[in-house]
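Report on the structure given below.
The values are calculated or read from the model by the stated rules, or taken from the named source; none is laboratory data. Source: prediction; values computed, not measured. Quick reminder, even Gly has a Cβ in these numbers, built from the backbone with ideal geometry, and neighbours come from all protein chains shown. Accessible surface areas use protein heavy atoms only, side chains included; no ligands, DNA or RNA. Shrake-Rupley method; radii C 1.70, N 1.55, O 1.52, S 1.80 Å.
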Amino acid sequence: MTQSIIEFQNLSKTFGKTKAVDNLSLSIAPGKIIGLLGPNGSGKSTLFKLINGLLEPTKGQVLIEGQAPSMESKKIISYLPERTYLNDWMKIRDILNFFHDFYEDFDLVKAQEMLRVLGLDERHPLKTLSKGNKEKVQLILVMSRKAKIYLLDEPIGGVDPAARDFILETILSNYQEDATMIISTHLISDIEKVFDEVILLQNGSVYDYDSVDSIREKTGKSVDELFREVFKC
Amino acid sequence: MLGKLMKYELRATARYFLPIYGAIIVFSMLIGIRGVNDTYRNALSVILPMALGLSFMGLGVMTLIMVVKRFDSNLLGDEGYLMFTLPVKANSIIISKLLTSMVWILSSTLVFFLSMGIITWREFNLSEILEELSHLQLDPYFLVVFILVILMSIIQFLLQVYASLGIAQAYSISKNRILGGTLIFILFSIVINMVETFAAAGFTFLFADSPWFHDLVRMAESSDFITVFSTIQLFFTILLGYLILKNILFYFLTKYHLQKKLNLE
């Protein structure tokens with residue numbers, strides 16, 4: 001068995017009385033594209049924050065290549081949060097240089113090329129970009145890194161179907177075979193075809209973790225159909 | 001990495017400070033060379049000092065806003081998702097904010113003296129003043145302690161702001177982080193004030209009868225300048241130690257709440 005790249009050991013995170021992540025244990029092998037699926041409030045974003053060290057676990061631990069989140073893990077994780085983190089004083093060019101300054105694995109030329117394809121001018125201030133373009137710029141920044149782990153939190157949540165295609169294409173064409181990618185989404189049917197495995201989250205625990213093929217075999221349903229059945233309101 | 005963080009921190013703030021510095025220097029120069037032409041002297045002798053005064057007020061208010069906003073929105077708001085996933089230490093992040101604020105506070109002080117110099121250059125001879133100052137025989141030890149006390153006092157203010165904001169976000173004191181931070185800041189100030197008052201009272205109570213304390217009082221009341229001076233020097237050294245202690249406390253409070261209690265929305 002290959003060593004796991006991300007491991008959760010009895011991981012719990014509570015906010016007041018709410019259990020966002022509840023005694024979750026899971027081991028993720030490298031080199032896969034994994035869908036992190038679950039209804040709103042099932043703990044997807046909390047799990048990402050825990051992997052990034054943006055939150056401290058209440059109990060248990062997260063291990064990245066066997067180590068707790070640290071400066072070393074931040075070097076190998078490329079994270080697209082749900083929020084827009086672009087500031088209001090830089091131009092697109094400045095944020096490219098910012099990434100180039102801080103991340104050794106950032107490919108400046110690749111990012112510039114992707115911006116050109118999109119028709120985005122590097123001299124454009126971040127402040128006046130449309131919401132959709134901000135999300136695209138962030139995705140370009142994240143996918144221009146040659147990281148070992150990509151964590152994408154709702155990458156296609158807020159954009160129109162045409163932009164969705166661009167984003168999926170960008171993700172897939174920049175994904176390296178040996179990297180691990182976890183994509184959280186509730187728009188499963190749009191993206192199901194790219195997943196190797198899926199993690200189904202329910203109330204902060206794992207409902208199921210299996211390969212897409214095996215789920216289809218086991219249940220005779222697509223992941224989207226299974227999701228609708230399991231999480232029926 | 002600290003250097004890179006500071007580079008961006010300075011750039012993010014320079015666009016606010018430099019224009020005000022420019023305005024202050026221009027107003028000061030206009031006041032300084034005023035009087036050349038008597039025909040518009042009266043109107044300008046009101047307008048220019050007023051403009052200069054407002055610029056300084058603006059500079060003061062803006063410095064305070066910058067100290068709070070750069071910490072709050074860059075670290076505790078959505079930009080925090082970027083800042084806290086950079087491969088840099090929490091120490092570097094806090095110190096970059098601290099040093100950048102220090103740079104602006106010190107350069108604002110410099111601009112103030114520069115402005116005063118420009119306004120009064122006709123009245124005062126700078127080289128004469130410097131000449132006079134060089135005759136003042138200041139004890140170098142005292143001078144160093146005095147400067148350190150001023151620097152540590154500024155740092156204490158900054159770190160108290162940072163710790164307050166950090167605590168306010170960690171425990172969601174209020175929906176508005178700056179309001180919550182202000183409340184914590186006031187609470188800190190009250191507690192520190194109380195502790196200091198009690199410590200001073202307790203100190204007097206405990207040592208009131210000791211010969212050492214009597215010596216100290218006698219020294220402070222002495223008419224001999226050297227003796228009084230050495231008492232003041234002792235007082236400043238103790239003050240410096242106390243300020244450093246407070247700064248260490250506030251620094252670790254800030255670091256703890258950013259590292260272990262971070263709770264970005």
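Restricting the range B:10-24 to residues that are in contact (Cβ under 8 Å) with a residue 24 or more places away in the chain and more than 10 Å from chain A (Cβ to nearest Cβ) leaves a set whose member that is most open to solvent (accessible area, probe 1.4 Å) is B:LEU10.
Considering only residues that are open to solvent by less than 40 Å² (accessible area, probe 1.4 Å) and either at pLDDT 95 or above or assigned to a strand (DSSP E or B) (or both), which ones fall in the range A:195-204? Listed by number, the residues that qualify are A:GLU197, A:VAL198, A:ILE199, A:LEU200, A:LEU201.
For the range A:185-233, residues that are at positive phi and of a type in the set (Ser, Thr, Tyr) total 0. The set of residues in the range A:126-176 that are among the aliphatic types (A, V, I, L, M) and under 18 Å from A:PHE48 (Cβ atoms) comprises A:LEU139, A:LEU141, A:VAL142, A:MET143, A:ALA147, A:ILE149, A:LEU151, A:LEU152, A:ILE156, A:ILE167, A:ILE171.
Any residue in the range A:146-155 that is closer than 23 Å to A:ASP88 by Cβ, of a type in the set (A, V, I, L, M, F, W, C) and in contact with a helix residue (DSSP H, G or I) (Cβ under 6 Å, 6 or more places away or on another chain)? No; the residues of the range A:146-155 include none that is closer than 23 Å to A:ASP88 by Cβ, of a type in the set (A, V, I, L, M, F, W, C) and in contact with a helix residue (DSSP H, G or I) (Cβ under 6 Å, 6 or more places away or on another chain).
Using the structure shown, decide if B:LEU52 is of a type in the set (A, V, I, L, M, F, W, C), open to solvent by less than 90 Å² (accessible area, probe 1.4 Å), more than 14 Å from chain A (Cβ to nearest Cβ) and under 17 Å from B:ILE20 (Cβ atoms). Yes: the conditions hold for B:LEU52. The set of residues in the range B:183-195 that are open to solvent by less than 70 Å² (accessible area, probe 1.4 Å) and without any contact (Cβ under 8 Å) to a residue 24 or more places away in the chain contains only B:ILE184.
Scan the range B:245-265 for residues that are touching a residue at least 12 places away in the same chain (Cβ under 8 Å) and either away from chain A (no Cβ under 14 Å) or within 16 Å of B:ILE192 (Cβ to Cβ) (or both) and jot them down. Listed by number, the residues that qualify are B:LYS246, B:ASN247, B:PHE250, B:TYR251, B:LEU253, B:THR254. Pairs are defined by a Cβ separation below 6 Å, a sequence spacing of at least 6 or placement on different chains, a first member in the range B:59-74 that is closer than 12 Å to B:ILE178 by Cα and assigned to a helix (DSSP H, G or I), and a second member that is among the small types (Gly, Ala, Ser) and open to solvent by less than 40 Å² (accessible area, probe 1.4 Å); the pairs so defined are B:VAL67/B:SER101. Restricting attention to the range B:147-180, the residues being among the aromatic types (Phe, Trp, Tyr), open to solvent by 80 Å² or more (accessible area, probe 1.4 Å) and part of a helix (DSSP H, G or I) number 0.
For the condition in a helix (DSSP H, G or I), under 13 Å from A:LEU151 (Cβ atoms) and within 12 Å of another protein chain (Cβ to nearest Cβ), A:LEU50 qualifies.
Where helices (runs of 4 or more DSSP H) fall wholly inside the range A:60-139, the ranges with 3 or more residues that are under 21 Å from B:GLY80 (Cα atoms), in contact (Cβ under 8 Å) with a residue 40 or more places away in the chain and open to solvent by less than 50 Å² (accessible area, probe 1.4 Å) are A:92-102.
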